[in-house]
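*Asks:* Below is the structure I would like to discuss, written out as structure tokens.
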Amino acid sequence: MKFENQTFTSDVTWDFNTFVNCTFAKGCTIWFHGFDHSVIDSEIDGARFMVSGPASLTLVFLKTLRQSNPQLVEEMINNAGNATPVPPGSKTN
């Protein structure tokens, strides 16, 4: 679904949605489960985040990795969106 020029002050789910020129204000809880979404020219002003599903598993993975190699996690975050997905079971070389 596409939302434009709206201010959110209660729960909203980012997954499978597009937000254009929106404000996520105090009182808003942004839920992210790990699926595709788009946030364009929008502002987060006091909202809080909650994650579950694949997004939660990704955070656990990054937390574990950060304990042994913080620089690698920083590089992964900086390169987010630049990687080409590899289907499970595929060889990378």
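Taken together, the values in this text are just the output of simple stated rules run on the coordinates, not laboratory data. All of these numbers come straight from a predicted model, not from anything done at the bench. Methodologically, a virtual Cβ is constructed for each residue, glycine included, from the backbone with ideal geometry; neighbour enumeration extends over all protein chains shown.
*Asks:* Under 5 Å between amide hydrogens, which residues at least 5 positions from THR13 or on another chain qualify, with H placed 1.01 Å from N in the peptide plane?
*Replies:* Hits under the 5 Å cutoff: TRP31.
*Asks:* Sticking with this structure for a sec: Given labels modelled 7 Å from the Cα in the Cβ direction, how far is it in nm from THR29 to MET76?
*Replies:* Placing both labels 7 Å along Cα→Cβ, they lie 2.7 nm apart.
*Asks:* Taking amide H positions as placed 1.01 Å from N in the peptide plane, with prolines and chain starts having none, which residues 5 or more places from HIS37, or on another chain, fall under 5 Å of its amide H?
*Replies:* PHE16
*Asks:* For the stretch 2-51, what are Rg and Dmax over the alpha carbons, in angstrom?
*Replies:* Here Rg and the maximum Cα pair distance are 9.6, 24 Å.
*Asks:* Determine the gain in length on full extension of the stretch ARG66-GLU43; use 0.36 nm per residue of separation and subtract their C-alpha separation, reporting nm with one decimal. Write out the running numbers ahead of the final one.
*Replies:* Values: separation 23, 0.36 × 23 = 8.28 nm, distance 2.81 nm.
In short, 5.5 nm is gained.
*Asks:* So what does the Cα-only Debye profile of the chain read at q = 0.19, 0.25 Å⁻¹, as log10 I(q)/I(0), no solvent term?
*Replies:* So the normalised log intensities work out to -1.03, -1.27.
*Asks:* In deg cm²/dmol and to the nearest 500, what is the mean residue ellipticity at 222 nm of the chain if only DSSP H runs of at least 4 residues count, each as -39500 (n - 2.57), divided by the residue total? The partial results should precede the final answer.
*Replies:* Numbers: 2 runs with 25 residues, N = 93.
Taking each H run of at least 4 residues, the total per residue is -8500 deg cm²/dmol.
*Asks:* Here's something else I'd like to know. On a 0 to 90° scale, report how tilted helix 53-68 is relative to the longest principal axis of the chain, with both axes built from alpha carbons and the result rounded to the nearest 10.
*Replies:* 50 degrees
*Asks:* At a 10 angstrom cut-off on C-beta neighbours, averaged per residue, how do the peptides 41-54, 64-77 rank from highest to lowest?
*Replies:* On the way: 41-54: 13.4, 64-77: 11.2.
Ranking the peptides 41-54, 64-77 by packing returns 41-54, 64-77.
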